[in-house]
Each structure stands twice: as structure tokens, then as C-alpha cells.
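Peer 1: Structure provided below as C-alpha cells; questions to follow.
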């Protein structure tokens, strides 16, 4: 094993970790604030990728504008869905999870029927070529994914720490009853959390779209990853989610590099089950 | 009282006559469909048995697959007869389920739901990766069952009609066993665990033991369901037992209702009939499933089984109005 391979694996690990964090953070936020376990999360990711394919690849919109559009559209959809079908079942975690299964099927079929099942869609790289440092190759798309994820996650952190609305959302996550006694509207917190969470998930799909095959069922694997990261990190715990994303990002990269992807998936799942068997509450207890 | 006793007897006799006469009337396609329907009934009823303790297991379909794979391997490579393969395969499911339970028992409610999905997916992925399970292509050429008495008289179930009756007999037997269990004191304890597990624990009942019991009995029958499907299709692959199938199972049981024994049977029957009516929709079908699930959870949270109860005040109102006019 040489130095270049190690460095390359580390870079790949960082890229995958930042993607995992961006993918899972929305699920964790929504779960923590509103008790919504959205199993259609993978489909939101898929929609983000489709928006980029539709507007960047077919309509020739600027890639970053398309990513922004994906965030707006998927975030908007999240708000509509929260208001329309999750709200009546709030408080019943399993009920919301099951109703989101219906949503999962609806979105998959709609996308498959409107834009076709056939071959997966390909999204072109916005910046061709790669960065070469010390004999290590980093595709520009990977650089974009890493920097955009770090930027978006920092923006989320600033928003939650520094703004009044962000603090209200955190308060709702900590103790919804006490928060509502302070005059914080849980409904408003839940809607905003769902909007922001969905937008970030859409961004994850949009940013990843040039590096993956875009098809209606791409959400399955994304959902599994997001659930693993969120559950191990402790539901609603954003710091835990990011840390777990790094842990599993590196675990997956190392196993994929030296063995193969199926084993990496099995290992990730078994690792999660092992961690849960030791610490049922996840790596960290509640707290945003 | 005689009348109360007579009514279910008449109903069941009628049902038995219909089910026995049915394969001679309907076409081959519908006989095939009925066999799959029977397997799904066992699957849904055993799934609902586990839910009585509050554990919604998404590992149920992969564990059904475990039964299917075990039976396929036993009958194809060892050449052992069906009547031996059936219980052995169901026990294989039970055994794998027991291993899964070790971490799963530490989880409750929603965590259990997600944990069971993840660990079931690990089982399914291992079939893709481990050579003997045939990878993505799975296992083909699973022999049709045949039963021989002391080696000189053989009943061959290779025809679709004999297999129909075999599946029917196994299904009736499974339902009888689960029904007896559902009527017993054990199920009361299961339900009590669902309601208030700390209270149940405080009166000296071993909650973990009862959760294991519910899960393992359910898994045994899931294994049997898998065996029926494997020998019917003659082919199995990991794709058949993926999340989508598990979510369909969840939809059948949730829309049918899981409070009583009849709920999942109503659910499977409803969706099987619906699937046939809506066959022209083809690929749009999951969308219909999704819409029905959402409407059902929003407006009929106790499932289709609660429909008569919900309708009765309405009907009574109409009845009173009728008398007035």
C-alpha cells in the first residue's frame, strides 16, 4: 500500500462523509423538531437530482442556479407535504413513517412515468477535469460537493444558533411543551424544519447528480444511508449526525477501496446494529 | 345460542366449498394467483402476530426469503423431500430471526422498525454476495414437491391443481394455529406489552421472552410462506424480498387493520382484488397503493376492518330516518 492510495482514500472519505452529512442532516432535523420520520427522504434526494437533470442538462441553466432551484422546489414540496399529510398524524412517529411510505410510492411512480424508466439519466459535469495534487486525482465535482456541503452545513449551524427562528426550532426539538409555553409555535417550527430539511436533502441529490446514475429508484440506498447515520448519531442530534456521517463515510470508503461495495453496505449495517446493541440511544443522547 | 353457534359454521362451510370448487372453475392464471394469495395471507397474518407486541418488523420479508432460500437449497442440492424441507426451512428462518433479535430486542417501536429494516437488508445483501445463494440471479429450477408414502406410492404436486390444494391445506393449518394463539392468554400479554411494557414487567412477566416468542412464531410462519412461494415459482432471487415487498406487506396490514385477526386477511384480499381490477394501470399501480395508504391513515386509521363499525351509526341514522318517513 502506498502513500498515494492512502491519500486518495482519505480524500474519497472526506467527499463521501460530506455527502452523507448533507443527506442525513435534513432527516435528523425534521425528526428532532417534529417527530417526522420521513421514509420518502430518499425520494426527496432523487427529486433534487432530477431537477438538476431537467434544468441544467436539458434546459441549459447554470449548474449552481439549478442546485438552488432544486433546493427551493424540494423545500417547497416538503412544506406542502408537512402541512397536508404529516400534520394530522403528528405525535405518532410510526404512523407518520407509514404514511410517508405512501408518498414514497407516489413520487417514484410519478417520476418514473413522467420522465421514463429506461436508461438512467446522465448529468454532465459542470466543470470538466480534475485537480492533481501529489499524484492524487480529485474530480472537480468532488471539490464542489465537499465545499458546498461544508458551506450549507455551516449556514444551517449559523441559522440555528444566531437567528430567532433557529433558536425557536432548537427549542421545539428540545422540549416541545416547554417551547410552546414560551410562545413558540410548534406548527411553525415543524413547517420550517421540514422546509429546510427537505431543501438540504434536495441539495444533496442535486450536487451528487453528475457522479451517480439518476433514476427513480436511486432513493433506496440514500434512505438506508440516511437512516443509519441519523439513528447512530442519535435522532435529532445534528452534531451526532455529522460525526456519524464522517465515521460511516470513511468506513464505507475504506471497505469499498479494499473489498467491494456490497460488503461495504453489509458492514455499515452490521456496524450500526452493533453500535445500537451497545448503546441503544445512539452515539450521543438528545440535544441539537 | 344455537343460532350464534350455527352462523360461523355455515359461513365456514360455504367458504370451504367455494375454495375447493374454485380451482375447477377459474382459469390457470387465477389458480396461480390464488396460490400466491394464500402465501401472502400467511405472511400478513404472521406479520400482524408480531405487531401485537408493538414490534413492526421490516425484516419479515427477508426472513420469508430465508425460508424460500433454505427450502430451495435443501430440495435442490440435498434432494430431500418437501415435507422435510418445509419445517426445516421454517426453522432456518426462525434461527436467523433469533440471531437478528439479539440487537433488535434492545430497540422499541420506531427504532425497532428501522433496525429491523437495516438488519433485514443486511441478510438480503448477503444473498447477493455469498456464492451458494446464486447472487443477483438467485436460484432456479426449484423442484415441485412430491410426497411418497413409505416409498411405494407417490403424490406428485407438480401440477397446478394439486399444488393449489397443498397450499390451501398448509394455509388453513397455519391460520388455525395462529388463530388459536390469537385467542389464548398469550396474545393478551402481547397486547399488554404493546400498551404498557413497564407495567407488564412490574407484575413479574418477562417482557423480553414474550417479544421473542411473538417474533419467532411469526418468523416461523413467514418461512413457511416463503417455502410455498419458492416451490410455486420454481425460481427465487434477492430482488423479490426487497424493501418494496416489505412496504407492500406493511400497506396490506395497515390498510386492512391490525387490531384483530381478520384485519390482515381483509387487507390482502382487498389489495389482491384491487390489483386484478387495476391491472390495466400497470406501472401506475404503486401510486394507487400510495394514495389508498395515505387516505386510509388519514380517514380510517383503524383499517378496513373498522369500516362496518364506523358505518353503523350512519346506517342507524339512516334507518331511523326511514322509520320516520
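The values are calculated or read from the model by the stated rules, or taken from the named source; none is laboratory data. Because the structure is a prediction, the values reported are computed rather than measured. Heads up, the Cβs are rebuilt from the backbone with ideal geometry, glycines too, and the neighbour counts pull from every protein chain shown.
Peer 1: I'd like to verify a number: residues in the range B:104-130 that are outside any loop (DSSP other than H, G, I, E, B) and under 30 Å from residue A:236 (Cβ atoms), how many? Give the derivation first.
Peer 2: If we filter the range B:104-130 for residues that are outside any loop (DSSP other than H, G, I, E, B), which is where we start, we get B:104, B:109-129.
From the residues that got through so far, the ones that are under 30 Å from residue A:236 (Cβ atoms) too are B:104, B:109-125.
Residues that pass the stated criteria total 18.
Peer 1: What's the number of the condition residue B:80 fails, among (1) more than 28 Å from residue B:257 (Cα to Cα); (2) over 20 Å from the mean Cα position of the chain (by Cα); (3) part of a helix (DSSP H, G or I)?
Peer 2: (3)
Peer 1: Then there's this: What single numbered condition from (1) away from chain B (no Cβ under 14 Å); (2) in a helix (DSSP H, G or I); (3) modelled with pLDDT under 90 fails to hold for residue A:30?
Peer 2: (1)
Peer 1: Across the range B:130-160, which residue is farthest from the other protein chains (Cβ to nearest Cβ) among those that are buried (at least 18 other Cβ atoms within 10 Å of the Cβ) and modelled with pLDDT of 75 or more?
Peer 2: In the first step, residues of the range B:130-160 are kept if they are buried (at least 18 other Cβ atoms within 10 Å of the Cβ); the result is B:133-134, B:138-139, B:142, B:145, B:157.
Then keep just the ones that are modelled with pLDDT of 75 or more; that gives B:133-134, B:138-139, B:142, B:145.
Details: B:133: 12, B:134: 14, B:138: 15, B:139: 18, B:142: 24, B:145: 32 Å.
Filtering first and then ranking leaves B:145.
Peer 1: Working only within the range A:228-239, note down all residues that are more than 12 Å from chain B (Cβ to nearest Cβ) and free of Cβ contacts under 8 Å to residues at least 60 places away in the same chain.
Peer 2: A:239
Peer 1: When the residues of the range B:293-309 are narrowed to those that are in a helix (DSSP H, G or I) and in contact with a helix residue (DSSP H, G or I) (Cβ under 7 Å, 6 or more places away or on another chain), which ends up surrounded by the fewest Cβ atoms within 10 Å (Cβ to Cβ)? Working first, answer last.
Peer 2: Of all residues in the range B:293-309, those in a helix (DSSP H, G or I) come to B:293-299, B:304-309.
Now drop any that are not in contact with a helix residue (DSSP H, G or I) (Cβ under 7 Å, 6 or more places away or on another chain), which leaves B:293-294, B:296-298, B:304-305.
Working: B:293: 25, B:294: 20, B:296: 22, B:297: 23, B:298: 15, B:304: 19, B:305: 21.
Of everything passing the filter in the range B:293-309, B:298 is surrounded by the fewest Cβ atoms within 10 Å (Cβ to Cβ).
One line per residue, one yes/no per condition, for (1) more than 15 Å from the chain's Cα centre (by Cα); (2) away from every other protein chain (no Cβ under 14 Å):
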{"residue": "A:191", "(1), (2)": "yes, yes"}
{"residue": "A:198", "(1), (2)": "no, yes"}
{"residue": "A:252", "(1), (2)": "yes, no"}
{"residue": "A:258", "(1), (2)": "yes, yes"}
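Peer 1: Report every pair of residues separated by at least 6 positions or lying on different chains whose Cβ atoms are under 9 Å apart, first residue within the range A:67-84 and modelled with pLDDT under 90, second surrounded by fewer than 17 Cβ atoms within 10 Å (Cβ to Cβ).
Peer 2: Hits for this filter: A:83/A:187.
Peer 1: With a cut-off of at least 3 residues that are surrounded by fewer than 20 Cβ atoms within 10 Å (Cβ to Cβ), name the helices (runs of 4 or more DSSP H) lying wholly within the range A:39-142.
Peer 2: Values: elements: A:41-52, A:63-81, A:93-115.
It comes to A:63-81, A:93-115.
Peer 1: With the condition kept exactly as written, say whether any residue in the range A:138-153 is within 16 Å of residue A:21 (Cβ to Cβ), away from chain B (no Cβ under 14 Å) and without any contact (Cβ under 8 Å) to a residue 12 or more places away in the chain.
Peer 2: Yes; the residues of the range A:138-153 include at least one that is within 16 Å of residue A:21 (Cβ to Cβ), away from chain B (no Cβ under 14 Å) and without any contact (Cβ under 8 Å) to a residue 12 or more places away in the chain.
Peer 1: Kindly indicate which of B:256, B:246 is within 14 Å of another protein chain (Cβ to nearest Cβ) and modelled with pLDDT of 90 or more.
Peer 2: On the way: B:256 fails: modelled with pLDDT of 90 or more.
It is B:246.
Peer 1: Only residues that are without any contact (Cβ under 8 Å) to a residue 12 or more places away in the chain and farther than 27 Å from residue A:122 by Cβ: list them for the range A:11-61, please.
Peer 2: Matches in the range A:11-61: none.
The rows are residues; the columns are (1) modelled with pLDDT under 85; (2) away from chain B (no Cβ under 14 Å).
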{"site": "A:244", "(1), (2)": "no, no"}
{"site": "A:247", "(1), (2)": "no, yes"}
{"site": "A:266", "(1), (2)": "yes, no"}
{"site": "A:269", "(1), (2)": "yes, no"}
{"site": "A:273", "(1), (2)": "yes, no"}
{"site": "A:278", "(1), (2)": "yes, no"}
{"site": "A:282", "(1), (2)": "yes, no"}
{"site": "A:286", "(1), (2)": "yes, no"}
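Peer 1: Among helices (runs of 4 or more DSSP H) lying entirely in the range A:152-253, which contain 3 or more residues that are buried (at least 23 other Cβ atoms within 10 Å of the Cβ)? I'd like the intermediate steps shown before the answer.
Peer 2: Values: elements: A:164-174, A:176-181, A:186-208, A:219-233.
Qualifying helices (runs of 4 or more DSSP H): A:164-174, A:186-208, A:219-233.
Peer 1: If you don't mind, another one. Of the conditions (1) within 14 Å of another protein chain (Cβ to nearest Cβ); (2) touching a residue at least 24 places away in the same chain (Cβ under 8 Å); (3) under 21 Å from the mean Cα position of the chain (by Cα), residue A:90 satisfies every one except a single condition; which number is it?
Peer 2: (3)
Peer 1: On the phi > 0 side of the Ramachandran plot, away from chain B (no Cβ under 14 Å) and touching a helix residue (DSSP H, G or I) at 6+ places or on another chain (Cβ under 7 Å): is that true of residue A:135 in this structure? Talk me through it step by step, then tell me what you get.
Peer 2: Working: on the phi > 0 side of the Ramachandran plot: yes; away from chain B (no Cβ under 14 Å): yes; touching a helix residue (DSSP H, G or I) at 6+ places or on another chain (Cβ under 7 Å): yes.
In short, yes.
Peer 1: Among the residues that make up the range B:194-206, is at least one of them under 27 Å from residue B:163 (Cα atoms), surrounded by fewer than 24 Cβ atoms within 10 Å (Cβ to Cβ) and within 14 Å of chain A (Cβ to nearest Cβ)? Outline the logic, then answer.
Peer 2: Step one: list which residues in the range B:194-206 are under 27 Å from residue B:163 (Cα atoms), which gives none.
For the range B:194-206, residues under 27 Å from residue B:163 (Cα atoms), surrounded by fewer than 24 Cβ atoms within 10 Å (Cβ to Cβ) and within 14 Å of chain A (Cβ to nearest Cβ): absent.
Peer 1: Can I ask one more? Hey, does the range A:102-115 have a residue that's under 16 Å from the mean Cα position of the chain (by Cα) and at the interface with another protein chain (Cβ under 9 Å from one of its Cβ atoms)? Lay out the reasoning, then the answer.
Peer 2: The first filter runs over the range A:102-115 and keeps only residues under 16 Å from the mean Cα position of the chain (by Cα), leaving A:104.
Next, from what is left, pick out any that are at the interface with another protein chain (Cβ under 9 Å from one of its Cβ atoms): A:104.
Looking through the range A:102-115, at least one residue is under 16 Å from the mean Cα position of the chain (by Cα) and at the interface with another protein chain (Cβ under 9 Å from one of its Cβ atoms).
Peer 1: Exactly one of these conditions fails for residue A:231: (1) more than 26 Å from residue A:106 (Cα to Cα); (2) modelled with pLDDT under 85. Give me its number.
Peer 2: It is condition (1) that residue A:231 fails.
Peer 1: Go through the residues of the range B:26-41 one by one and say whether even a single one is farther than 21 Å from residue B:92 by Cα, assigned to a helix (DSSP H, G or I) and free of Cβ contacts under 8 Å to residues at least 40 places away in the same chain.
Peer 2: yes
Peer 1: Could I ask something else about it? Does residue B:30 satisfy the condition of being away from every other protein chain (no Cβ under 14 Å) and modelled with pLDDT of 85 or more? Before you say what the answer is, go through the steps one by one.
Peer 2: Numbers: away from every other protein chain (no Cβ under 14 Å): yes; modelled with pLDDT of 85 or more: yes.
Judged against the criteria, residue B:30 is a match.
Peer 1: Looking at B:101, B:86, can you tell me which residue is at pLDDT 80 or above, buried (at least 18 other Cβ atoms within 10 Å of the Cβ), more than 14 Å from chain A (Cβ to nearest Cβ) and assigned to a helix (DSSP H, G or I)? Give the steps one after another, and end with the answer.
Peer 2: Values: B:101 fails: more than 14 Å from chain A (Cβ to nearest Cβ).
Of B:101, B:86, the one residue that is at pLDDT 80 or above, buried (at least 18 other Cβ atoms within 10 Å of the Cβ), more than 14 Å from chain A (Cβ to nearest Cβ) and assigned to a helix (DSSP H, G or I) is B:86.
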